[in-house]
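Worksheet for the structure shown next.
FYI, it's all coordinate maths here, none of it is from the lab. These figures come from a predicted structure and were not determined experimentally. Reconstructed Cβ throughout: ideal geometry from the backbone, glycine too, with neighbour counts over all protein chains shown.
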Amino acid sequence: MKKIIKYTGSVLLVAVVAYNSVYFKKLDEVKAGATSFDAAKYAEKFWTEKLTPHVAKAIEIGQLLTLLQTDKNKAFADHAHALGIGNVKYFLVKGSGIVKSVEENQVMVKIESEREKPEVAIATEYVFGNAVRDASGEIDINAFTNSMDFNNVSGELNKIIREKVIPPFRSKVKTGDKVTFSGAIELNKEHLSTRSIEIIPIDLKIVNE
Amino acid sequence: MRFTCKYWIALSLVFFGFALIRCKTRQSADEPKKMAIVVSTLNNPWFVFLAERAAAKAKELDYESKIFDSQNNTSLETDHFENAISSGYDAILFNPTDADGSVVNVKNATAAGIPVFCMDREINSNEAATSQILSDSYSGCVTIAKYFVETLNKKGKYVELLGLVGDNNTWNRSKGFHSVVDHYPGLKMVAQQSADFDRNKAMEVLESILQANPDIDAVFCGNDAMAMGAYQALVASGKADKVKVFGFDGAEDVVKSIQDGKIKATGMQFPEVMAQTAATMADQYFKGKRDFPKKMPVAVEMVKKDNVENYAAYGKK
């Protein structure tokens with residue numbers, strides 16, 4: 001009798017250990033888990049939690065252009081971001097102005113500022129590249145195992161702009177409107193040119209009084 | 001007598017062993033440290049420049065260096081790593097042949113206590129290399145693609161020539177390009193083929209594509225060697241004036257061709273910056289620094305006719 005209890009107990013113990021040690025999963029699930037970076041989800045979170053709050057700290061574009069003329073190094077040191085080595089840097093800017101023309105690929109805006117008052121282009125067609133991802137300095141490339149995941153974040157951020165920021169603005173804007181904007185610009189420190197500034201928009205509003 | 005003889009032989013061997021150890025210790029303490037520069041191929045002037053600049057920077061920092069050519073062959077690259085480890089090299093400045101296949105070589109070197117600094121090309125591991133100094137190929141091709149779309153006015157037929165299919169740069173460039181171009185349904189890709197980053201192969205591949213598609217408007221190439229090969233094929237078929245060629249690298253002949261109006265644009269990489277950064281990081285490693293960024297992207301700048309005066313080959317001015 002004692003032997004039966006002993007053997008039954010041992011078998012049960014082995015069964016419990018075996019049951020808890022081995023499990024089966026579909027290969028598809030495992031593969032999906034291994035490459036599960038969701039760039040769209042990451043971009044959505046980055047947009048609401050990092051980028052939008054950071055826009056309040058953006059420099060006014062007229063002020064930036066004045067600083068670039070008087071002290072280029074300070075302007076780049078204090079306001080530019082880039083994730084690596086090189087001449088290409090990104091700035092987060094904001095401002096307001098009057099629409100001078102609505103063109104096929106862009107909206108031309110004459111800046112209203114106490115400083116420089118250039119005419120800038122707000123991109124409405126070619127919204128590509130890393131300007132928006134990198135301009136805030138809030139993203140870390142080393143958090144990504146694969147460069148492609150990191151690049152896809154740019155693609156998804158630009159998609160948000162193309163789908164949510166531009167269409168409501170583009171459908172209503174007309175010459176003479178007063179607009180406010182925030183966005184990202186790209187400048188080359190070594191070969192600096194501020195003649196044709198293109199803003200990739202993050203926020204656009206028509207604010208006619 | 002026999003015992004005494006064996007005894008002396010054994011004792012001599014022990015002393016010889018100690019002498020060898022002493023020699024090795026003295027070498028590592030007194031001799032200058034050495035850097036192995038392992039590059040994917042020396043059959044492309046761009047990589048020759050990368051390797052030579054890394055060697056020059058190592059020399060400037062007072063280190064010995066030797067260049068190893070992997071000939072685009074991962075198993076040859078493995079041999080070079082084994083050589084470098086057994087020959088007592090203290091750091092490896094590395095341009096990989098394959099993003100996945102090269103990971104094991106880097107891991108072996110790291111396990112042997114040798115830091116590895118990747119230059120230009122990426123390996124698919126964040127942990128294996130000490131640091132990776134990489135051209136931001138994707139972003140560079142996004143910029144080129146915007147110009148491509150503008151130049152073709154959003155419509156036309158084009159061919160894409162890809163580089164080595166196992167290299168991340170091939171896909172970073174292609175995906176950067178397509179992340180823009182694919183938004184325009186008027187632009188139709190009639191062929192996409194690999195020419196292995198090779199000029200002659202690019203010429204052959206495009207010649208064959210032109211047989212079936214004589215009416216293309218543009219060719220996008222994953223590097224400048226292929227752009228020059230594509231241009232040669234277009235000259236041979238009398239279409240060089242009609243078809244726009246775009247490259248990537250910033251090689252000498254392409255910069256000159258942009259000045260002459262033969263090639264539309266290229267992405268200027270900065271191999272000297274990457275090579276010098278890698279050698280400098282190795283120097284810092286020898287001096288005790290261990291905290292390196294795992295990835296260090298180097299910005300790529302687009303060169304076209306209206307800004308070509310700012311650039312010379314390989315990012316020089």
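Observations on the structure shown:
- Calculated over the stretch B:30-134: convex hull of Cα atoms, volume per residue (Å³): 85
- Volume per residue that the Cα convex hull of the stretch A:151-205 spans, once the total is divided by residue count, Å³: 98
- Put simply, the Cα atoms of the stretch B:122-223 extend 48, 29, 16 Å along their principal axes, the longest span coming first.
- For the stretch A:160-209 versus the stretch A:56-97, the inter-centroid distance based on Cα atoms is 16 Å.
- Look at B:Ile85, A:Ile61, A:Ile199, B:Ile216 and count the other Cβ atoms within 10 Å of each Cβ; fewest to most, that gives B:Ile85, B:Ile216, A:Ile199, A:Ile61.
- Too-long pairs where the Cα-Cα distance tops 18 Å, listed order kept, from B:Lys264/B:Lys305; A:Lys57/A:Lys94; A:Lys50/A:Lys94; A:Lys41/A:Lys172: A:Lys41/A:Lys172
- Note on A:Ala40 and A:Asn20: with the Förster distance fixed at 30 Å, the Cβ-Cβ geometry gives a FRET efficiency of about 0.25.
- Placing R0 at 60 angstrom, the Cβ-Cβ distance between B:Lys242 and B:Glu64 gives a FRET efficiency of 0.70 after rounding to 0.05.
- Computed from backbone phi, the HN-Hα couplings of the stretch B:169-179 come to 4, 3, 7, 4, 5, 4, 5, x, 4, 6, 4 Hz, rounded to whole numbers (Karplus: 6.51 cos²θ - 1.76 cosθ + 1.60, θ = phi - 60°; Gly and Pro given as x).
- Relative to one another, the C-alpha centroids of the stretch A:100-136 and the stretch B:236-269 are positioned 30 Å apart.
- Here the sum of -39500 (n - 2.57) over DSSP H runs of 4 or more residues, divided by the residues of chain A, equals -11000 deg cm²/dmol at 222 nm, to the nearest 500.
- For the stretch B:206-260, the fraction of alpha-carbon pairs lying more than 17 Å apart is 29 percent, rounded to a whole number.
- Note on chain B: Cα-only Rg and Dmax are 23.9, 97 Å.
- With viscosity 1.002 mPa s and temperature 20 °C, the Kirkwood radius over alpha carbon pairs of chain A converts through Stokes-Einstein to a diffusion coefficient of 107 µm²/s.
- Which of B:Leu187, A:Leu12, A:Leu51 has the fewest Cβ neighbours within 10 Å, and the rest in rising order: A:Leu12, B:Leu187, A:Leu51
- For the stretch A:60-123, alpha-carbon Rg over 2.2 N^0.38 Å: 1.24
- A:Lys72-A:Lys164 pseudo-label distance in nm [points 7 Å out on the Cα-to-Cβ vector]: 3.7
- The alpha carbons of the stretch B:242-308 stretch over 56, 18, 17 Å along the principal axes, in descending order.
- Percent RCO, i.e. relative contact order, over the stretch B:78-171, from Cα pairs under 8 Å lying at least 6 residues apart: 26
- DSSP-loop GluC sites (Glu not before Pro) across the stretch A:105-148, with at most 12 other Cβ within 10 angstrom: A:Glu114
- Per-selection Rg to Rh, the protein assembly as shown - Cα, Kirkwood hydrodynamic radius: 1.09
- Residue order, fewest to most beta carbons within 10 Å, for B:Tyr138, B:Tyr285, B:Tyr7: B:Tyr7, B:Tyr285, B:Tyr138
- Shown is the FRET efficiency for B:Gln193 and A:Val11, computed with R0 = 51 Å from the Cβ-Cβ distance and rounded to the nearest 0.05: 0.20.
- Once exposed loop trypsin sites (Lys or Arg not before Pro) are cut out (DSSP; at most 12 other Cβ, 10 Å), longest piece of chain A: A:58-171
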